[in-house]
Amino acid sequence: MQDFGTLTALDERDVAEMVIDEPNRHPWRVVDAAYDRLACTECGGRLSRGPAGCAACDLANGFRYVAIEVDRPGVPPGNEHALRVNVSVVRRPSGISWREVVARRLLLPFLLDGHLPTIKQAQAARALLNQGGTAEELAEHLNFAWGNDST
């Protein structure tokens, strides 16, 4: 929200409301930041982060995907989308398996660093989790896979 200069808390909320009124006109990170600054009128949590079934949060969470998504310079095509999806899952884990949430959390540092898993790497990580792998085992696997570009 720095794009809007120095704002009072009330002005910041007003800008956030303007952003979410037209999420398709703003980068997804700006929309995500706007949701962080607004409370849900239904569940009282941060807008878009409430439990599955909260109609207002369900709607807001769906609208987050119409925001503009542009890959950062120097990252593989699709990195920004992967980052966006992982952030979305971590921010609203309701209804998502704990294994999926753990995997998404563990992937975030790699995605922020500009990596993007190959299909083979993603399948290997999924297989590890499906076979009952722990978060520690997945973290070790990811560190090995990224460090060696293998698996």
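Which residues, taken from the range 58-74, are free of Cβ contacts under 8 Å to residues at least 40 places away in the same chain and either in contact with an Asp or Glu (Cβ under 7 Å, 6 or more places away or on another chain) or more than 15 Å from Pro93 (Cα to Cα) (or both)?
Leu59, Tyr65, Asp71, Pro73
So Asp36 ticks every box in (1) more than 16 Å from Ser88 (Cα to Cα); (2) within 17 Å of the chain's Cα centre (by Cα) but one. Which box is left unticked?
(1)
Output the number of the condition that Leu116 fails; it satisfies all remaining conditions of (1) open to solvent by 80 Å² or more (accessible area, probe 1.4 Å); (2) in contact with a Gly (Cβ under 6 Å, 6 or more places away or on another chain).
Of (1) open to solvent by 80 Å² or more (accessible area, probe 1.4 Å); (2) in contact with a Gly (Cβ under 6 Å, 6 or more places away or on another chain), only one is false for Leu116: (1).
Looking at the range 69-97, which of the residues that are open to solvent by 70 Å² or more (accessible area, probe 1.4 Å) and over 19 Å from Ala52 (Cα atoms) is nearest to the chain's Cα centre (by Cα)?
Step by step, filter the range 69-97, then rank; the result is His81.
Take the range 98-109 and flag every residue that is out of contact with any helix residue (DSSP H, G or I) (no Cβ under 7 Å at 6 or more places or on another chain) and either modelled with pLDDT of 90 or more or open to solvent by less than 50 Å² (accessible area, probe 1.4 Å) (or both).
Within the range 98-109, just Pro109 meets the criteria.
Is at least one residue of the range 42-64 in contact with a Cys (Cβ under 7 Å, 6 or more places away or on another chain) and acidic (Asp, Glu)?
The answer is yes, given that some residue of the range 42-64 is in contact with a Cys (Cβ under 7 Å, 6 or more places away or on another chain) and acidic (Asp, Glu).
If I ask for residues that are open to solvent by 60 Å² or more (accessible area, probe 1.4 Å) and without any contact (Cβ under 8 Å) to a residue 12 or more places away in the chain, which ones from the range 30-45 would you list?
Ala39 - this is the single residue of the range 30-45 that is open to solvent by 60 Å² or more (accessible area, probe 1.4 Å) and without any contact (Cβ under 8 Å) to a residue 12 or more places away in the chain.
The values are calculated or read from the model by the stated rules, or taken from the named source; none is laboratory data. Bear in mind that the values here come from a model prediction, so they are computed numbers and not experimental data. Cβ atoms come from the backbone with ideal geometry, glycine included; neighbour counts cover every protein chain shown. Accessible surface is based on the protein model in full, side chains and every heavy atom, while ligands, DNA and RNA are left aside. Shrake-Rupley method; radii C 1.70, N 1.55, O 1.52, S 1.80 Å.
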